[in-house]
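My structure is below; once you've seen it, I'll send some questions.
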Amino acid sequence: MADIHALLSEIVGDSNLFAGDSIHEDYTRDEALGVAPVRPAFLAKPASTDEVARIIAAANEHRVPVTARGSGTGLSGACVPQPDGILISFERMSRILEIDTENHIAVVEPGVTLEQLNAETAKHGLVYPVFPGEQSASLGGNVATNAGGMRAIKYGVTRHQVLGLTAVLGTGETITTGGKFVKSTSGYDLTQLIIGSEGTLAIATQAILKLYPRAPHAATLLAPFRSLDEITKAVPKIVTSGVDPMILEYIDFVAMAGILNNAGLDLGITDEIKQSALAYLVVVLEDRKPERLQEDIEEVGMLIDSLGALEIYSLSPTAGQQLIEAREKVFWSAKAAGVNDIIDLVVPRASISDYIQKVTAAAQESGSFLVGCGHVGDGNVHMSVIQADDAKRAELMETIFRLGTEMGGAVSGEHGIGTEKRRYFLAHTSPESLALQRRIKAAFDPAGILNPGVLFD
Ligand SMILES: Cc1cc2nc3c(=O)[nH]c(=O)nc-3n(C[C@H](O)[C@H](O)[C@H](O)COP(=O)(O)OP(=O)(O)OC[C@H]3O[C@@H](n4cnc5c(N)ncnc54)[C@H](O)[C@@H]3O)c2cc1C
């Protein structure tokens, strides 16, 4: 350990290297509920790809585990370090290197936050369209978790926006992948392998991102329904109508009550509607032209009305934005309310209603409670699990993931596996697929130093 301390100090300098108790508590955890904090042996803050590569080469030689950390907003325990390991944090690699307005590209270092990038792209009338609920998250973390968020129905998720990476492998070798182009058939797509790998294959030190023209006008419709089933049946019809919604969310009545209450929002929903509505659909559209937006909003309004909405609220731009912001904060209110776990399982979007009915019945049987909302356009179900008894909760969680994967779904739609969902990922992925994934891991990181314990045990 003395050797590695001296090497790290030589690479990043003493003022950017922390050890033992001098490492702030923030670096010991992410936002996953119930994750046990771990203080790493070292916290290093490199300033360049070269410094990252040298740290990893040294760690590889001394067989010391390395965990990358962005902003620590992850929900799966994936940036929690090892007690004998090095945590690499990217505060000193947080520059937007380029906004290329001709190619609609941003080149960023991993520590750049979504908030920072959004402010910069706005100056150019452009947007990076991935908006997961927490804007303090870093682009490095977004790449590693393949972050999604509410706008995925229109723009896709992080993997659809990353055109290239600079990344350091577990050996300390640096590779560059992709480039400022949207197509390439030139060997294996290493960019896509690294995206979503949760820091287990390589450490990203630069990313080339796709940008889009920023639509200046947006409108929000809120529609209460008698059942979630009606909402899931409405969704394909909205999608195939061609209006291209930017956001399609469902919020169940309990989550909606919490959202309105916590944000102090009054959207004019009457008590009568509140008593009859079991779920709410939120539709957000955007456009360059206000008159086109108005036409589309009217069309969606009529469609939703014909599909059984109890009422349709056309929200003012301010109220629409407040509702979306309050929805993004739902995790914090769930956490404050003491929920025991959260899931972000994904199923084919037509199966959401069936899935929720089945897991709700399983929860009732075990005396548990499920409450939630989700990206209904993507089949991504966000649910809080309320069951304080560990054994009962473990059994229910197993059922929740079994039912979802049996319906053709996957354990996580966007938060990732980390350590917290690892047992379900391992239980519900085929042995052949796991064996191949382990071989891929070994090719990128032969000594297994990159984020051990995440994805695999
Ligand atoms: C209130 C709230 C709402 C959220 N809403 C959403 C949502 O709607 N959609 C969604 O997808 N997520 C959501 N999240 C989860 C979280 O914001 C995302 O997972 C985000 O991508 C994590 O980014 P981060 O910078 O905080 O990463 P961290 O938590 O620091 O790390 C996450 C993972 O990335 C790895 N990593 C970090 N930097 C690098 C790097 N440079 N190279 C390689 N690996 C790296 C870490 O090792 C870890 O495996 C939400 C979180 C909160 C707290």
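Under a no-solvent Debye model with one identical scatterer per Cα of region 331-388, what's log10 I(q)/I(0) at q = 0.21, 0.31 Å⁻¹?
-0.79, -1.24
Any chance you could list the semi-axes, whole Å, largest first, of the equivalent ellipsoid that the Cα gyration tensor gives for region 40-184, using √(5λ)?
Over the Cα atoms of region 40-184, the semi-axes work out to 27, 17, 14 Å.
Accessible area per residue, 1.4 Å probe, Å², for the chain: what's the number?
Result: 43 Å² of accessible area for each residue.
Further question on the same structure: Which percent of the accessible area of region 183-322 is formed by carbon and sulfur heavy atoms (probe 1.4 angstrom)?
Its accessible area is 51 percent carbon and sulfur atoms.
Residue by residue through region 428-445, which ³J(HN,Hα) values in whole Hz follow from phi under the Karplus form 6.51 cos²θ - 1.76 cosθ + 1.60 (θ = phi - 60°), with glycine and proline marked x?
Here the 3J(HN,Hα) series is 10, 10, 5, x, 5, 5, 5, 5, 5, 4, 5, 5, 5, 4, 5, 5, 7, 9 Hz.
Let me ask something else about it. Which order do peptides 5-14, 145-154 fall in by mean Cβ count within 10 Å, highest first? Walk me through the intermediate numbers first.
Details: 5-14: 16.3, 145-154: 24.6.
Packing order, densest peptide first, comes out as 145-154, 5-14.
Kirkwood hydrodynamic radius (Cα pairs, Å) of region 215-307?
On the way: mean 1/r = 0.0721 Å⁻¹.
About 13.9 Å, per the Kirkwood formula over Cα pairs.
Let me ask another. Radius of gyration and Dmax for region 305-457's Cα atoms, expressed in Å?
18.2, 59
Something else: Excluding residues on the same chain fewer than 8 positions from Lys123, give the aspartates and glutamates whose Cα lies under 15 Å from its Cα.
Within the straight-line limit of under 15 Å, Lys123 reaches these aspartates and glutamates: Glu98, Asp100, Glu102, Glu115.
Would region 231-388 count as rounded, prolate or oblate if I go by the C-alpha gyration tensor, calling it rounded below 1.5 in a/c and otherwise prolate when a/b exceeds b/c, oblate otherwise?
It comes out prolate by the Cα gyration axes.
Okay, next question. Rounded to a whole number, what % of the accessible area of region 1-158 do carbon and sulfur atoms account for, probe 1.4 Å?
It is 47 percent, rounded to a whole number.
Right, here's the next one. Sort Glu109, Glu120 by heavy-atom solvent-accessible area, probe 1.4 angstrom, most to least.
Glu120, Glu109
On full extension of the chain, what length is gained from Glu406 through Arg92, given 0.36 nm per residue of separation minus the C-alpha to C-alpha distance?
Values: separation 314, 0.36 × 314 = 113.04 nm, distance 4.42 nm.
Length difference between fully extended and current span is 108.6 nm.
Then there is this: Determine the distance separating the Cα centre of region 348-418 from the Cα centre of region 1-52; give it in Å without decimals.
About 36 Å separates the Cα centre of region 348-418 from the one of region 1-52.
If you don't mind, another one. Among the lysines, select those whose C-alpha is under 21 Å from the C-alpha of Lys237, and discard any that sit fewer than 8 residues away in the same chain.
Answer for Lys237, where 21 Å is the Cα cut-off: Lys154, listed by chain and number.
Averaged over all directions, how much area does the convex hull of the C-alpha atoms of region 3-83 cover when projected, in nm²?
5.2
What's the magnitude of the charge dipole for region 253-392 around its Cα centre, counting Lys and Arg as +1 and Asp and Glu as -1 at the beta-carbon? Answer in Debye, nearest 20.
Working: 10 positive and 21 negative charges, 75 e Å.
That gives a dipole near 360 debye.
Enter the Cα centre distance for the pair region 441-457 and region 112-151, rounded to the nearest angstrom.
First find each Cα centre; the distance between them is then 27 Å.
Here's a follow-up. For region 112-162, rounded, prolate or oblate, judged on the Cα gyration tensor with a ≥ b ≥ c (square roots of eigenvalues), a/c < 1.5 rounded, else prolate if a/b > b/c?
The shape class here is oblate.
Can I ask one more? For region 298-361, state the average projected area of the convex hull of the C-alpha atoms over all orientations, rounded to one decimal in nm².
Values: hull surface 26.6 nm².
One quarter of the hull surface, i.e. the mean projection, equals 6.7 nm².
Hey, another quick one. Would you mind calculating the relative contact order of the chain from Cα pairs under 8 angstrom and at least 6 residues apart, reporting the percent as a whole number?
Relative contact order comes out at 16 percent.
Follow-up. Whenever you get a sec, line up Asp21, Asp3 from highest to lowest accessible area (probe 1.4 Å, protein heavy atoms).
The residues order as Asp21, Asp3, largest area first.
OK, next. Could you give P(r) for region 143-217, binned at 10 Å from zero, as whole percent values over all Cα-Cα pairs?
19, 49, 25, 6, 1
Something else: According to the Kirkwood expression over distinct Cα-Cα pairs, how big is the hydrodynamic radius of region 41-97, in Å?
Working: mean 1/r = 0.0838 Å⁻¹.
Value: 11.9 Å, from the Cα pair sum.
Where Rh denotes the Kirkwood radius from the mean inverse Cα pair distance, what is Rg over Rh for the chain?
Across the chain, the Cα-based Rg/Rh ratio is 0.98.
Stretched out fully, how many nm does the piece from Asp3 to Asp305 gain, at 0.36 nm a residue minus the Cα gap?
Contour length minus the Cα-Cα distance gives 101.8 nm.
The values are calculated or read from the model by the stated rules, or taken from the named source; none is laboratory data. Everything numeric in this text was worked out from a predicted model, so none of it was measured. Glycine also receives a Cβ, built like all others from the backbone with ideal geometry; neighbour counts cover every protein chain displayed. Accessible surface areas use protein heavy atoms only, side chains included; no ligands, DNA or RNA. Shrake-Rupley method; radii C 1.70, N 1.55, O 1.52, S 1.80 Å.
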